[in-house]
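A short worksheet on the structure shown next.
The values are calculated or read from the model by the stated rules, or taken from the named source; none is laboratory data. Everything quoted here is computed from the prediction, not taken from an experiment. When we count neighbours, we look across all protein chains shown, and the Cβ atoms used for this are built from the backbone with ideal geometry, even at glycine. Protein only, heavy atoms only, side chains kept; ligands, DNA and RNA dropped before computing areas. Shrake-Rupley method; radii C 1.70, N 1.55, O 1.52, S 1.80 Å.
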Amino acid sequence: MEQKVEKFKLLDQFHNEHCVFYANIKKNLFESRDIKTLADLPYLPANLFKKMDLLSISKNHIFKTLYSSGTSSQNKSKIFLDKENAANQTKSLVHIISENIGTKRTSMLILDSLSQTTSRDSFSARGAGILGFSIFGSKKFFALDNNMSLQTNEIKNFIEIVQKGPKFLYGFTSIIWEEILEKLSDNAKILEDRQYVLIHGGGWKKLSDKNISTEQFISAIKQKLGPNVEVHEYYGMVEQTGSIFMGCSKGYLHTNQFNDIIIRDPNNLSILENGQVGVIQSLSTLATAYPGFSILTEDLGIIYGNSEENLKCECGQDGKYFKVTGRLPKSELRGCSNTYGM
Amino acid sequence: MFRTDIDIETILSHPPLEIFNDEVVRFLSNVSQRIKSHPDLRRFPDLASFGFFIREKNLKKLERFYKKENRWSMGIGAAFHIAPSNVPLNFAYSLVAALLCGNPSLVKLSTKIFEQSELLISLLNKELSEGQYKPFFTLLQYKHDHELNQKLSSECRLRLLWGGDETIELFKSLTVKANSTDITFPDRYSLSLIDAKTYNQITNPHLVSVKFYNDVYTFDQNACTSPRGVFWLGNYAEVSIAKNRFWASLRHVLREKKYTPNRGVAVRHIANTAKLAAHNHIENSDGFSDYAMQVYDIKDGNADLFSEHSGEGLFYQKDINTLGELKPFINEKCQTLSILMSEKTQILEWVVSSRISGIDRVCDIGNSSEFTLNWDGKDLFHLMTKRLAA
């Protein structure tokens with residue numbers, strides 16, 4: 001842990017020196033103190049990346065820009081990456097996933113459309129996810145066409161490939177639900193009963209808004225895709241691409257060497273203990289080009305234990321283990337506004 | 001959709017009334033009594049205030065006042081009210097103002113549900129059903145209905161558009177009759193100004209805090225009249241003493257009143273303050289903040305600091321030596337300046353002589369949300385009546 005704290009301490013120093021906005025926020029909103037624990041680190045609210053251009057590199061070093069999904073350009077987070085940061089995101093993702101599904105590259109069905117990845121310089125969170133996870137695909141197939149309709153030929157070709165070991169499926173949680181599962185009939189089993197590993201994440205908020213539970217999601221996967229799909233969830237955000245939190249076999253998300261998590265009281269931002277629901281502060285060692293290593297999200301979660309405190313997860317993996325339980329309701333009204341519908 | 005038993009056509013075809021019509025006054029007085037005697041009243045100080053405003057004695061007082069200079073004024077015609085969703089009982093004040101001026105009304109309520117609004121609506125309905133009135137208003141509640149919005153907009157003589165700016169622009173894009181009038185209440189913000197010397201001499205600072213609390217927290221600081229900033233006039237020593245006492249005292253009142261903010265308030269606050277802090281406009285005020293009361297010092301900036309504000313107990317404060325230093329923080333959107341000064345005329349003179357385009361109202365701390373027919377800088381009585389002769 002000390003090693004990690006040291007890493008974050010250096011990131012705090014670095015961004016303090018290279019991003020004037022970060023330095024101002026640190027100076028104006030946070031008590032000046034030595035960074036001894038993770039809790040001492042400043043943090044930026046996630047939505048700040050929608051309101052401002054935040055970067056710790058010069059503009060001519062920008063290699064890629066990631067955008068979150070959003071309905072208008074005003075609503076999208078902008079994450080600026082230089083070559084190094086982009087490369088590190090990929091490397092870390094490979095490392096994290098390999099620990100879960102092994103290092104062998106397999107045939108991969110991407111539960112989305114190729115059109116998400118067509119721009120070279122800018123990507124949505126979905127596009128970034130697809131490109132990131134594509135590293136694991138020796139041969140890639142896309143389940144949806146540009147109109148988000150099922151490409152049955154592609155899927156058939158994917159199923160028929162013969163290989164040792166389970167094949168890989170990847171997609172955004174909400175896209176899998178809305179564009180695939182909801183369109184299939186019960187017990188469709190379109191992938192037959194072969195072995196697959198499905199990794200899904202991102203967009204879970206949409207599902208929680210629709211009151212779809214994890215159990216419902218998994219049940220639909222088994223009935224409509226296939227009974228032998230091993231489902232792995234991950235938690236991540238475009239503001240911290242690459243350092244995702246993977247779900248374990250017992251249904252908990254885990255921290256790893258590239259990330260960490262703190263739970264804070266949503267009313268006064270004090271640190272909460274294990275077992276208490278609060279707002280998630282997500283930490284990533286990867287954010288070097290932009291000051292996104294410590295972010296206060298609007299997601300609610302609960303930490304159950306920490307292997308470093310002799311409270312190890314039943315699955316046997318190290319790190320803190322936690323769940324995301326929901327999100328804070330939308331912010332209240334400003335001024336004389338009738339935002340509840342006209 | 002309908003919150004009363006009265007249909008739209010009944011109101012649209014209703015003729016205008018005399019000002020302070022007997023039936024209207026009888027109706028409102030009786031509703032006032034119902035409010036006064038309701039067992040749950042203690043929970044809703046804003047409902048109590050409303051009930052107090054429409055009590056017979058006050059209505060008679062207003063009647064005497066307005067009839068004196070306006071012997072031959074009467075209502076104009078049907079009024080369409082678009083109520084805001086930040087102040088629960090705003091719709092009621094809007095309705096009362098229009099009715100007292102003689103205008104039968106259709107009120108489009110916010111779709112947001114507030115307990116005190118629901119209670120008031122039930123009392124209004126009870127009085128309507130038991131009191132035998134020829135109906136002169138109706139309450140509607142619907143989300144998106146372009147056709148209905150268009151119909152009502154084009155058949156009414158008056159529209160009271162309570163904002164925010166986006167809502168007003170939407171309704172203004174609909175067609176209206178050539179002889180109709182819009183009265184708009186766009187996005188506003190308000191400030192407080194405290195003279196440190198005067199404050200330090202007060203024997204009961206607790207009372208000042210209670211008044212400030214009422215101005216701010218009754219509406220979770222979401223009302224246009226709730227101050228978002230506090231400016232301290234005086235020398236360094238006086239101001240330091242005053243600030244410490246004031247915020248400590250307010251914290252005390254918050255505990256007394258057991259005020260609980262909505263969940264997630266700190267997350268919403270930081271979402272608001274981070275950008276301003278990034279631009280070096282504000283910094284944390286040492287030692288003043290509490291979870292329901294976040295205080296920041298203004299380092300530099302202007303009126304824009306106050307335009308995007310999440311409310312719920314967020315304050316930006318600044319020391320000033322002269323009134324002139326207040327000017328950069330005031331623009332057209334600034335509505336109310338609530339003050340604690342030795343006397344008011346100094347400020348009023350300053351606003352006029354400095355030709356300030358903001359500040360439509362100057363009042364004492366504690367009175368900022370008190371409704372009058374002179375509201376948001378508008379003389380509602382004259383806007384909503386026709387004056388046949390002098």
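Couple of notes before you dig in:
- Estimated distance in nm for a label pair at residue B:307 and residue B:390, the labels positioned 7 Å out from Cα along Cα-to-Cβ: 4.4
- Phi to ³J(HN,Hα) by Karplus 6.51 cos²θ - 1.76 cosθ + 1.60 over region B:72-82, Hz, x for Gly, Pro: 10, 9, 8, x, 9, x, 5, 10, 10, 9, 10
- Evaluated over the Cα positions of region B:283-357, the convex hull gives a direction-averaged projected area, one quarter of its surface, of 5.8 nm².
- Using only the C-alpha atoms, the convex hull of region B:1-135 corresponds to 105 Å³ per residue.
- Anisotropy class of region B:284-326 from Cα gyration tensor, a/c 1.5 cut: oblate
- Coarse-grained scattering of chain B at q = 0.10, 0.14 Å⁻¹, given as base-10 log I(q)/I(0) from a Debye sum over alpha-carbon atoms: -0.70, -1.26
- All Cα-Cα distances of region B:169-265, cut into 10 Å bins from zero to the largest, leave 13, 34, 25, 13, 10, 4 percent in each bin in turn.
- For residue A:1, the accessible area of its heavy atoms, probed at 1.4 Å with every protein chain present, is near 70 square angstrom.
- In this view, the solvent-accessible surface of residue A:152, computed with a 1.4 Å probe and all protein chains in place, comes to about 100 Å².
- Region A:192-292: relative contact order in percent, alpha carbon pairs under 8 Å with at least 6 residues between: 21
- Under 5 Å between amide hydrogens, built in the peptide plane, is the criterion, and for residue B:233 it picks out B:194, B:195, B:196, B:320 among residues at least 5 positions away or on other chains.
- Euclidean distance between Cα centres, region B:371-390 to region B:181-209, Å: 25
- Rg/Rh for chain A, where both radii come from Cα atoms and Rh is the Kirkwood radius: 0.96
- Computed with a 1.4 Å probe on the full set of protein chains, the accessible area for residue A:95 sits at about 80 Å².
- The HN-Hα couplings worked out from phi for region B:215-230 by the Karplus form 6.51 cos²θ - 1.76 cosθ + 1.60 (θ = phi - 60°) are 4, 9, 7, 4, 10, 6, 6, 8, 6, 4, 7, 6, x, 9, x, 10 Hz, whole numbers, x standing for Gly and Pro.
- Solvent exposure, largest accessible area first (probe 1.4 Å, DNA, RNA and ligands not counted), of B:255, A:264: B:255, A:264
- CD proxy at 222 nm, helix term only [per DSSP H run n ≥ 4: -39500 (n - 2.57); per residue of chain B; nearest 500]: -12000 deg cm²/dmol
- Prolate/oblate/rounded label for region B:226-323 (Cα gyration tensor, a/c 1.5): oblate
- Of all aspartates and glutamates in the structure, the ones whose alpha carbon falls short of 15 Å from that of residue A:156, not counting any fewer than 8 places away in one chain, are A:145, A:192, A:193.
- Hits among aspartates and glutamates - C-alpha to C-alpha of residue B:108 under 17 Å, sequence gap 8 or more where chains match: B:5, B:7, B:9, B:118, B:145, B:147, B:155, B:165, B:166, B:169, B:182
- Other-chain or far-sequence residues with amide H under 5 Å of residue B:19's (modelled H): B:75
- Surface composition of the protein assembly as shown: carbon plus sulfur atoms hold 49% of the accessible area, using a 1.4 angstrom probe and ignoring ligands, DNA and RNA.
- For residue B:182, the residues whose amide H sits under 5 Å from its own are B:159, ignoring neighbours fewer than 5 places away on the same chain, with H placed 1.01 Å from N.
- With R₀ set to 30 Å, the beta-carbon distance separating residue B:111 from residue A:52 gives a calculated FRET efficiency near 0.40.
- When all protein chains stay in place and ligands, DNA and RNA are ignored, the 1.4 Å accessible-area order of B:14, A:61, largest first, is A:61, B:14.
- Scattering curve values for the protein assembly as shown, log₁₀ I(q)/I(0), Debye with Cα scatterers, q = 0.06, 0.12 Å⁻¹: -0.46, -1.28
- Where labels lie 7 Å past Cα in the beta-carbon direction, separation of residue A:60 and residue B:40 in nm: 6.7
- Solvent exposure ordering (accessible area, 1.4 Å, most first) of B:230, B:362, A:20: A:20, B:362, B:230
- Residue-normalised accessible area of region A:96-180, expressed per residue, 1.4 Å probe, Å²: 45
- With θ taken as phi - 60° and the Karplus curve 6.51 cos²θ - 1.76 cosθ + 1.60 applied, the whole-hertz 3J(HN,Hα) list for region B:316-332 is 10, 10, 8, 8, 10, 9, 9, 4, x, 5, 7, 3, x, 9, 10, 10, 3 Hz, x standing for glycine and proline.
- Anisotropy class assigned to region A:1-56 is prolate, per the alpha carbon gyration tensor with a/c at or over the 1.5 cut-off and a/b larger than b/c.
- Those aspartates and glutamates that a straight Cα-Cα span of less than 17 Å connects to residue B:211, excepting residues fewer than 8 apart in one chain: B:46, B:195, B:220, B:256, B:312, B:364, B:370
- Neighbourhood net charge (15 Å Cβ-Cβ; Lys/Arg +1, Asp/Glu -1) for residue B:56: +4
- When each of A:76/A:139; B:57/B:134; A:140/A:312; A:4/A:27; B:36/B:60 is checked by Cα-Cα distance, pairs over 27 Å: A:76/A:139; A:140/A:312
- For the pair B and A, total buried accessible area rounded to nearest 100 Å², probe 1.4 Å: 3600
- Alpha carbon centroid spacing (whole Å) that separates region A:173-193 from region A:21-84: 37
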